[in-house]
Amino acid sequence: MTRFVPAVAFVAMVALFAVMMLSDRNPKEINSVLIGRTVPDFALPTLDGGTAGDAVLKARGKPVLVNFFASWCVPCRAEHQTLMDLAARGDLVMVGIAYKDRPGDTRAFLDELGNPFEVVLRDETGDVAIEFGVSGAPETFLIDRDGTIRYRHWGPMVGDTIAQRLAPELEALGLP
Amino acid sequence: MAGLRARKRQRLLVVSVSLAAFILAVLTALLALGGDSLSLFLQPSDVSARVAAGDLKAGDRIRLGGLVAPGSVTREDVVTQFVITDCAATVTVRYAGLLPDLFKEGQGVVTEGIWQDGGAFTASSVLAKHDENYAPPGTLPDNPEACTHPESTYP
Amino acid sequence: MIGELGHAALILTLMLALMGATVPHWAIARGDARWMAQGRALAVAQFLLVVTAFAALTEAFIVSDFSLRVVAANSHTLKPLLYKITGVWGNHEGSLLLWVLILTLFSALVAVFGANLPTRLRTRVLAVQSALVVGFLLFILLTSNPFERLAVAPLEGNGLNPLLQDIGLALHPPMLYLGYVGLSIAFSFAVAALIDGDVTPAWARWVRPWTLLAWLFLTGGIALGAGWAYYELGWGGWWFWDPVENASFMPWLAATALLHSAIVMEKRDALKSWTVLLALVAFAFSLLGTFLVRSGVLTSVHAFATDPERGLFILAFLALVIGGSLILYGMRAEALAPGGLFQTVSREGALVLNNILLASYVGAVLLGTLYPLILEAVNGDQISVGPPFFNFATTLLMMPLLVALMAGPLLSWKRAKLGRALAVLAPFVVTALLIAGLLFWARAGGAVMTLVGLALGFGLLAAVIGETRPAQGRWLKALARRRRAQWGMTLAHGGLAVLVLGITISEAWTTEVLTTLSEGEGVAVGPYRFELVEIAPKAGKNYSAVAAHIRVMEEGAVVADLWPEDRSYANPVTQTSEAGIAARAQSDLYAVIGEQVADGRWSVRLYNKPFVAGLWWGAALMVLGGLVSLSDRRLRVAAPARPKKPAAQPQGAVS
């Protein structure tokens, strides 16, 4: 049997290559360590001059969708219609966090494209984004009724990623 | 005679295989233990995520790939400082040395070096690729369209 | 039209190759001598057709026929003619066509010069070669057709990257391909022998010249690549342990091991199954290299533009060809009865040690190259394995190899007395060690490994010389009587010694200074003083440049004048840095200029690199040794010599 050792070793190597090439891997996509944990504590100014903290994301009776966006971010523009559609469903609390953005720019952006958010928080320094492990805008988190982070969407929510990824997560929370 | 032959063959085989196996075991252990031989390949977003998670410590050796942020290159004597971005996060890089020919703002580079305390990165090498289509694997951001926006390096 | 001609030629070749891959086996089964003989004609015909296709593509590049996609993407009317031609294989499609051209060339060579081979073996070998041609042609025609037309031909081509317009880079791929593809002959011989279950010492004698030829080209190709990196990239290094470099180094190591084990097989009828396996593995590494470079599965700074579809095709081909041959090996190898007995201390024993160390070394390089992939599959981390790992592996494995190499050629077959060999070597090696120690001391020491490297290098050189000394009688007379194959061994082993010295000395005693200079200012680099005499703009043919004049002085006397440039090309906008290098026997003086950092101050990188020349001389000696050995008529008829040992590979400093 030792005569087959080279063949077996080779097959293992080919299998490794095949797995690496065929798997739908996006090596840059890191699973958020926050999944399954509660929302981190934070406090931020809101766009209309108030202050809000992690409470707006917890125990709202409905699941919460938090979207990190910015007016300067082109993919955010691309996914905006998706957010508008999600807001129109009415069974989600929509929260926006403006990431490293000037308040004036944020307002102009939302005036132009419509505002899907119940409340918009301003994270000008990006500190809260770091708390969430956000690697950049846009990024979206789905939080269940208990305030636990269930899902993290990396990059714009466009095309079939909604049907393939977000929809099952919503279903898991009992939403159609 | 046949017995002797078989025994000799067997001894040779055992010695060869064990020697080769020993050598490879030593090398595998070396790889697994890491040290200077290994460096993680990261993009700026990964760096922020790892720093946030406490996975990246001062003294860790990493390879950092991304685009050179426009307008970020400054020089002081032989030290060049520039920002690498993947259009989602940025890392400031210090490099003492001559930059490769194709180093240019807005283009892809791979740098290798040591992560420092306080979020700085000191590169010991800056690599560029000698291909016509200048986007080394791993340097292209995942959302390249974001990079076209001039204000993406706000504030 | 000429593009369609080339395309048609390729399709016709595919059909002939399909015939060539099947008919001969059927003819052998039926014992039909007439059809068996057709294999030779088919091989020659395939070669001529691929030459036609290659000529057609070359013509398209020369006349800048931008209606071909490949030409539009990779050429430009303003390119010098030479680089238009070398541009033919400077891209994925063209380089594959070159690969097939060389593959059919080797088939044709076997067909024409293989008259002394048994008909049955030759027929099988050519059939296996044809099968390889089928695989590569399918790859070309299905995924990478160089004759693809564009609907609208652009007025001007895209490719004018000046960095790629370099003669070293232009010759490097064909050389390597000749080496890679040359190993296909050893592979085909091995498969043919396994099919018939008939492996004789004569088989080893037929395989060796082909392996030697492939080895020659691989050695030359790797040396050219290293030279290009050293002279053109301006990083001062010449080996970076990049996956692409490893991809060429692994087949070289396997071929080196094969050359040595084939000697044992030929002379002593031993190590049969191992030698056959090496012949399969050497070519497997060639294909693996192609796969790694083109599939994008590994991240490399050199990688060709990658394409998953192409990657999967090569992977499937690799699995079929290598997997199939290794399974065939598993089924048949048991039948290869081991031959001559030998004791541990003997020529055979030394060659076995050589093979164990080389095989472990290949394993180590493979491990280091694939480790990032394994780790990513396991936990998703992306890492790269750096020079320290490879350097450690090299040191660990090459030290015993070099020591064994000193005594090996003096041992007799079957059983030897180590003491006798040592007695012959002692005066030479002791002298060498004294030289090494003196040199180390004169240089005021350094790392222990430097002393070890010097001792091994000088020791091997002395041992190689000592080996030529006869037990009795006049030395000169013995030299005159030496066979060419023996000279080949001496030269190649001597080349290795020089290479080891080159690596050791240049790595240990290089002085590097990174600083800024203004005109008239100077800086000390080792024993030399580099002075920036003048820096001024300069206009070239198709570029503008900042050109510096750096004068190197030693104790007040001018040693060399260096003219580094920083060039800016307009189309496409590219900057290249031309290092100013004075290549001298004792040391290379090397200067690169960078940016202007402040008014009139320029950043410069200056090196004094002692004995880099040893690298090129060492490689040249190895190639020369291979050529001399190949010219030995006995290689075909009786006993060949035992050339070549591996090169310890470099400590490539990155950046």
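Considering each of A:Pro103, A:Pro138, A:Pro116 in turn, give the residue that is within 22 Å of A:Asp48 (Cα to Cα) and out of contact with any helix residue (DSSP H, G or I) (no Cβ under 9 Å at 6 or more places or on another chain). Result: A:Pro103 is the single residue among A:Pro103, A:Pro138, A:Pro116 that is within 22 Å of A:Asp48 (Cα to Cα) and out of contact with any helix residue (DSSP H, G or I) (no Cβ under 9 Å at 6 or more places or on another chain). The set of residues in segment A:85-123 that are at negative phi, within 14 Å of another protein chain (Cβ to nearest Cβ) and without any contact (Cβ under 8 Å) to a residue 60 or more places away in the chain comprises A:Ala98, A:Tyr99, A:Asp101, A:Arg102, A:Pro103, A:Gly104, A:Asp105, A:Thr106, A:Ala108, A:Phe109.
When you check C:Leu479 against the structure, is it within 30 Å of C:Pro409 (Cα to Cα) and crowded, with 17+ Cβ neighbours inside 10 Å, yes or no? So that I can check it myself, show each step before the final result.
Values: within 30 Å of C:Pro409 (Cα to Cα): yes; crowded, with 17+ Cβ neighbours inside 10 Å: no.
It is false that C:Leu479 is within 30 Å of C:Pro409 (Cα to Cα) and crowded, with 17+ Cβ neighbours inside 10 Å.
Is it the case that segment A:152-172 has a residue that's closer than 16 Å to A:Val66 by Cα, hydrophobic (A, V, I, L, M, F, W, C), more than 14 Å from chain B (Cβ to nearest Cβ) and outside any helix (DSSP H, G or I)? Checked against the condition, which is being closer than 16 Å to A:Val66 by Cα, hydrophobic (A, V, I, L, M, F, W, C), more than 14 Å from chain B (Cβ to nearest Cβ) and outside any helix (DSSP H, G or I), segment A:152-172 yields no hits at all.
Looking across C:Gly87, C:Gly20, one residue alone is in the same structural domain as C:Arg122 (by TED's automatic domain parsing), surrounded by 24 or more Cβ atoms within 10 Å (Cβ to Cβ), within 25 Å of C:Ala115 (Cβ to Cβ) and of a type outside the set (Asp, Glu). It is C:Gly20.
I'm checking my understanding of the structure. Among residues of segment A:44-58 that are surrounded by fewer than 16 Cβ atoms within 10 Å (Cβ to Cβ) and under 19 Å from the mean Cα position of the chain (by Cα), which one is nearest to the other protein chains (Cβ to nearest Cβ)? Looking at the filtered set, the residue picked out is A:Gly53. Restricting C:Gly363, C:Gly330 to residues that are under 30 Å from C:Pro409 (Cβ atoms) and at the interface with another protein chain (Cβ under 7 Å from one of its Cβ atoms) narrows the list to C:Gly363. Taken together, C:Val637, C:Val654 contain a single residue that is modelled with pLDDT under 80, in contact with a helix residue (DSSP H, G or I) (Cβ under 9 Å, 6 or more places away or on another chain) and closer than 17 Å to B:Leu98 by Cβ, which is C:Val654. Taking every residue in segment C:474-496 that is more than 14 Å from C:Ala620 (Cα to Cα) and pairing it with any residue that is part of a helix (DSSP H, G or I), at least 6 positions away or on another chain, the pairs with Cβ-Cβ distances below 7 Å are C:Arg483/C:Arg634; C:Arg484/C:Val628; C:Arg484/C:Ser629; C:Ala485/C:Ser629; C:Ala485/C:Arg634; C:Ala485/C:Leu635; C:Trp487/C:Val628. Return the only residue of C:Ser577, C:Ser544 being within 11 Å of chain B (Cβ to nearest Cβ), in a strand (DSSP E or B) and among the small types (Gly, Ala, Ser). From the options C:Ser577, C:Ser544, the qualifying one is C:Ser577.
Check whether at least one residue in segment C:505-519 is within 28 Å of the chain's Cα centre (by Cα), away from chain B (no Cβ under 14 Å) and over 30 Å from C:Gly556 (Cβ atoms), and report yes or no. Taking every residue of segment C:505-519 in turn, none turns out to be within 28 Å of the chain's Cα centre (by Cα), away from chain B (no Cβ under 14 Å) and over 30 Å from C:Gly556 (Cβ atoms). Among the residues of segment B:44-62, those identified as surrounded by 15 or more Cβ atoms within 10 Å (Cβ to Cβ) and not in a loop (DSSP other than H, G, I, E, B) are B:Pro44, B:Ser45, B:Asp46, B:Val47, B:Ser48, B:Ala49, B:Arg50, B:Val51, B:Ala52, B:Arg61, B:Ile62. Close contacts from segment C:388-406, counting a first residue that is more than 9 Å from every other protein chain (Cβ to nearest Cβ) and over 15 Å from C:Ala455 (Cα atoms) and a second that is aliphatic (A, V, I, L, M) and surrounded by 21 or more Cβ atoms within 10 Å (Cβ to Cβ), with Cβ to Cβ under 7 Å and a gap of 6+ residues or different chains, come to C:Thr394/C:Ala648. It is to be established whether one or more residues within segment B:117-139 are in contact with a helix residue (DSSP H, G or I) (Cβ under 8 Å, 6 or more places away or on another chain), within 7 Å of another protein chain (Cβ to nearest Cβ) and at pLDDT below 80. Yes, segment B:117-139 contains at least one residue that is in contact with a helix residue (DSSP H, G or I) (Cβ under 8 Å, 6 or more places away or on another chain), within 7 Å of another protein chain (Cβ to nearest Cβ) and at pLDDT below 80.
Of everything listed in (1) assigned to a loop (DSSP other than H, G, I, E, B); (2) hydrophobic (A, V, I, L, M, F, W, C); (3) free of Cβ contacts under 8 Å to residues at least 60 places away in the same chain, the single unmet condition for C:Leu218 is (1).
So that you can scan it fast, the table gives a plain yes or no per residue for (1) at pLDDT 90 or above; (2) farther than 27 Å from C:Val70 by Cβ; (3) touching a Lys or Arg at 6+ places or on another chain (Cβ under 6 Å); (4) surrounded by fewer than 24 Cβ atoms within 10 Å (Cβ to Cβ):
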| site | (1), (2), (3), (4) |
| --- | --- |
| C:Leu213 | yes, yes, no, yes |
| C:Leu218 | yes, no, no, no |
| C:Trp228 | no, no, no, yes |
| C:Gly234 | no, yes, no, no |
| C:Gly237 | no, yes, no, yes |
| C:Val244 | no, no, no, yes |
| C:Thr256 | yes, yes, yes, no |
| C:Trp274 | no, yes, no, yes |
| C:Thr306 | no, no, no, yes |
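Yes or no: segment C:585-602 includes at least one residue that is closer than 30 Å to C:Ala497 by Cβ, under 35 Å from the mean Cα position of the chain (by Cα) and part of a loop (DSSP other than H, G, I, E, B). Among the residues of segment C:585-602, at least one is closer than 30 Å to C:Ala497 by Cβ, under 35 Å from the mean Cα position of the chain (by Cα) and part of a loop (DSSP other than H, G, I, E, B), which makes the answer yes. Restricting C:Val112, C:Val181, C:Val125 to those that are surrounded by fewer than 20 Cβ atoms within 10 Å (Cβ to Cβ) and either away from every other protein chain (no Cβ under 14 Å) or in a helix (DSSP H, G or I) (or both) reduces the list to C:Val112. Please work out if C:Leu434 is exposed (fewer than 14 other Cβ atoms within 10 Å of the Cβ), at pLDDT 90 or above and within 28 Å of C:Gly488 (Cα to Cα). So C:Leu434 fits the description; yes. Could you tell me whether segment C:185-200 includes any residue that is buried (at least 22 other Cβ atoms within 10 Å of the Cβ), assigned to a loop (DSSP other than H, G, I, E, B) and either among the charged types (D, E, K, R) or over 20 Å from the mean Cα position of the chain (by Cα) (or both)? Checking segment C:185-200: at least one residue is buried (at least 22 other Cβ atoms within 10 Å of the Cβ), assigned to a loop (DSSP other than H, G, I, E, B) and either among the charged types (D, E, K, R) or over 20 Å from the mean Cα position of the chain (by Cα) (or both). Out of all the residues in segment C:336-350, is one or more at pLDDT 85 or above, out of contact with any Phe, Trp or Tyr (no Cβ under 8 Å at 6 or more places or on another chain), in a helix (DSSP H, G or I) and more than 11 Å from chain A (Cβ to nearest Cβ)? Yes: one or more hits.
State whether one or more residues within segment C:141-156 are part of a helix (DSSP H, G or I), surrounded by 20 or more Cβ atoms within 10 Å (Cβ to Cβ) and of a type outside the set (Ser, Thr, Tyr). Checked against the condition, which is being part of a helix (DSSP H, G or I), surrounded by 20 or more Cβ atoms within 10 Å (Cβ to Cβ) and of a type outside the set (Ser, Thr, Tyr), segment C:141-156 yields no hits at all. Against the condition facing another protein chain (nearest Cβ under 8 Å) and either at pLDDT 75 or above or part of a loop (DSSP other than H, G, I, E, B) (or both), how does B:Val93 come out, does it pass? Judged against the criteria, B:Val93 is not a match. Taking A:Thr82 as the residue in question, decide whether it is polar (S, T, N, Q) and touching a Pro at 6+ places or on another chain (Cβ under 9 Å). Yes, satisfied.
The values are calculated or read from the model by the stated rules, or taken from the named source; none is laboratory data. Keep in mind that this is a model prediction, so the values were computed, not measured. Backbone-built Cβ (ideal geometry, glycine too); neighbour counts: all protein chains shown.
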